[in-house]
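What follows is a set of notes on a single structure, which appears directly below.
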Amino acid sequence: MITTTGLTKVYRSRGREVTALDGVGIHVRPGEVYGVIGRSGAGKSTLIRCINLLERPTSGTVTVDGQDLTALAGRGNRAARPLRLARGGIGMIFQHFNLLSSRTVQGNVELPLEILGLGRRERARKALDLLDLVGLADHARAYPSRLSGGQKQRVGIARALAGDPKVLLSDEATSALDPETTRSVLRLLRDLNRQLGLTVLLITHEMDVVKSVCDSAALMEKGRVVESGVVSDLLATPGSRLARELFPVGGGASGADRTVVDITFHGESADRPVISRLSRTHDVDVSILGAAMDTAGGRQVGRMRIELPGRPEENDAAIGFLREQGLTVELPGRGTPGPVAVERELTEEGA
Ligand SMILES: Nc1ncnc2c1ncn2[C@@H]1O[C@H](COP(=O)(O)OP(=O)(O)OP(=O)(O)O)[C@@H](O)[C@H]1O
Ligand SMILES: [Mg+2]
């Protein structure tokens, strides 16, 4: 639904060059929630602004719903209208909501409908439907200053949906909200994704956001995507940085003759009493150094760091047992594999 290839953006200001995007290729499948995560300055906002062509990429292509937006933009002024139409299929929500304080809630949602040229009654009907969808039908006549942050973001979402987009882009939409409100806004995005088949690309620096709503994710660093894929696949991939950052487990070995093992539980293995079986079958004392269990992509997953007595070579059988149970097993500090790219077969999008 969204594909970028070799997307590069170089900002030039006062004789200095900043490469904000450096050959970014992502593939967002129709109907999925795709999270882009990375530290401040990694290029996340630049990526999202290049995807809707608010920012002209220096090179590379952006295809949304089968349409090459970069080719449209490349045709200069003549492309103004086709590009505007294509952008109509892309909704956008912002960290600071960007609502007009002089307009009511309904007036804010009607704004894009006015631009689309809808008549007054049609606009009102549509805006009220959308406000109903985001749970704010009662607040249509209120002004934004009367709303809580979560309510404002719901208005932002209703407004973004006004043009019946297939794609919703979100730049840190929840980072100005408290954790509880964040959860409810994320739930709303998830519901819209399911109900409307909306494809959502969201930018965040919060791992929890990825964990709770994203089907796929990409990790950005210095303008590049260093890891990407389906979240559950990444969790099952040894050496995945996203997996480590989504489920951080701490704790070092308590002595020299010890083996520290990181285990990732996913799928069926998450439900089995693996540790007690290990202990019984191999007659070893297992110490738990750290653990993180949660759901990701609607499935129970977790990571655990355990310690076994004896050196690694003395624990081959125990480690083999864990692997046989379908767990991803890593020995931290024993060399990590290079960059991970777990891309599923690209699905045909028919356009
Ligand atoms: N208009 C601009 N002119 C010059 N440099 C820019 C411009 N916009 C962004 N940059 C630079 O590009 C890099 C990426 O910025 P970007 O805003 O995309 O990061 P980000 O990942 O969204 O960060 P944050 O998490 O803080 O929002 C940064 O080094 C930034 O200073
Ligand atoms: Mg940003």
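Per-residue answers, yes or no, for (1) more than 16 Å from ligand 2 (Cβ to nearest atom); (2) assigned to a helix (DSSP H, G or I); (3) over 19 Å from Gly89 (Cβ atoms):
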| residue | (1), (2), (3) |
| --- | --- |
| Asp129 | yes, yes, no |
| Ser145 | yes, yes, yes |
| Val155 | yes, yes, yes |
| Gly163 | yes, no, no |
| Leu219 | no, no, yes |
| Asp233 | yes, yes, yes |
Review point. With (1) away from ligand 1 (no atom under 14 Å from the Cβ); (2) within 19 Å of Val209 (Cα to Cα); (3) out of contact with any helix residue (DSSP H, G or I) (no Cβ under 6 Å at 6 or more places or on another chain) as the list, and Val33 as the residue in question, which single condition is left unmet?
Key: (3)
Practice item. Exactly one condition in (1) buried (at least 16 other Cβ atoms within 10 Å of the Cβ); (2) in the same structural domain as Val155 (by TED's automatic domain parsing) is not met by Asp191; state its number. Key: (1)
Check your understanding: Looking at the stretch 165-195, which of its residues are aliphatic (A, V, I, L, M) and either assigned to a helix (DSSP H, G or I) or under 18 Å from Leu113 (Cβ atoms) (or both)?
Key -> Leu168, Val185, Leu186, Leu188, Leu189, Leu192
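Looking at Asn98, Asn108, can you tell me which residue is at pLDDT 90 or above, closer than 26 Å to Gly197 by Cβ and surrounded by 16 or more Cβ atoms within 10 Å (Cβ to Cβ)? Don't jump to the end; show me each part of the working.
Values: Asn98 fails: surrounded by 16 or more Cβ atoms within 10 Å (Cβ to Cβ).
When all the criteria are applied, what remains is Asn108.
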Exercise for review: Go through the stretch 276-313 residue by residue and tally those that are in a helix (DSSP H, G or I), surrounded by 13 or more Cβ atoms within 10 Å (Cβ to Cβ) and in contact (Cβ under 8 Å) with a residue 40 or more places away in the chain.
Suggested key: 3
Review point. Looking at the stretch 167-186, which of the residues that are away from ligand 2 (no atom under 16 Å from the Cβ) and modelled with pLDDT of 95 or more is surrounded by the fewest Cβ atoms within 10 Å (Cβ to Cβ)?
Key: Val167
**Study point:** For Thr46: the one exception among (1) within 15 Å of the chain's Cα centre (by Cα); (2) within 16 Å of ligand 2 (Cβ to nearest atom); (3) not small (Gly, Ala, Ser)
**Key:** (1)
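Yes/no per residue for (1) of a type in the set (Ser, Thr, Tyr); (2) within 16 Å of ligand 2 (Cβ to nearest atom):
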position	(1), (2)
Thr3	yes, no
Tyr11	yes, yes
Arg14	no, no
Ala20	no, yes
Gly23	no, no
Ile37	no, yes
Ala42	no, yes
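Go through Ile37, Ile48 for me and flag whichever is in contact with an Asp or Glu (Cβ under 7 Å, 6 or more places away or on another chain), surrounded by 17 or more Cβ atoms within 10 Å (Cβ to Cβ) and touching a residue at least 60 places away in the same chain (Cβ under 8 Å).
Working: Ile37 fails: in contact with an Asp or Glu (Cβ under 7 Å, 6 or more places away or on another chain).
Answer to the selection: Ile48.
Just the residues that are hydroxyl-bearing (Ser, Thr, Tyr) and within 16 Å of ligand 2 (Cβ to nearest atom), please, taken from the stretch 187-205.
First, pick out the residues of the stretch 187-205 that are hydroxyl-bearing (Ser, Thr, Tyr): 199, 204.
Matches in the stretch 187-205: Thr204 only.
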Review point. Pick from the stretch 116-134 the residues that are at pLDDT 95 or above and of a type in the set (Gly, Ala, Ser): which of them is nearest to the chain's Cα centre (by Cα)?
Key: Ala127
Practice item. Identify the single condition in (1) crowded, with 16+ Cβ neighbours inside 10 Å; (2) farther than 22 Å from Leu202 by Cβ that Thr61 does not satisfy, given that it satisfies every other one. Key: (2)
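Looking at Ser228, Ser254 in this structure, which one is more than 18 Å from Glu330 (Cβ to Cβ) and surrounded by fewer than 16 Cβ atoms within 10 Å (Cβ to Cβ)? Before you say what the answer is, go through the steps one by one.
Working: Ser228 fails: surrounded by fewer than 16 Cβ atoms within 10 Å (Cβ to Cβ).
Answer to the check: Ser254.
The values are calculated or read from the model by the stated rules, or taken from the named source; none is laboratory data. What you see is a predicted model; the values in this text were computed from it and never measured. Using ideal geometry, Cβ is built from the backbone for each residue, glycine included, and neighbour counts are taken over all protein chains shown.
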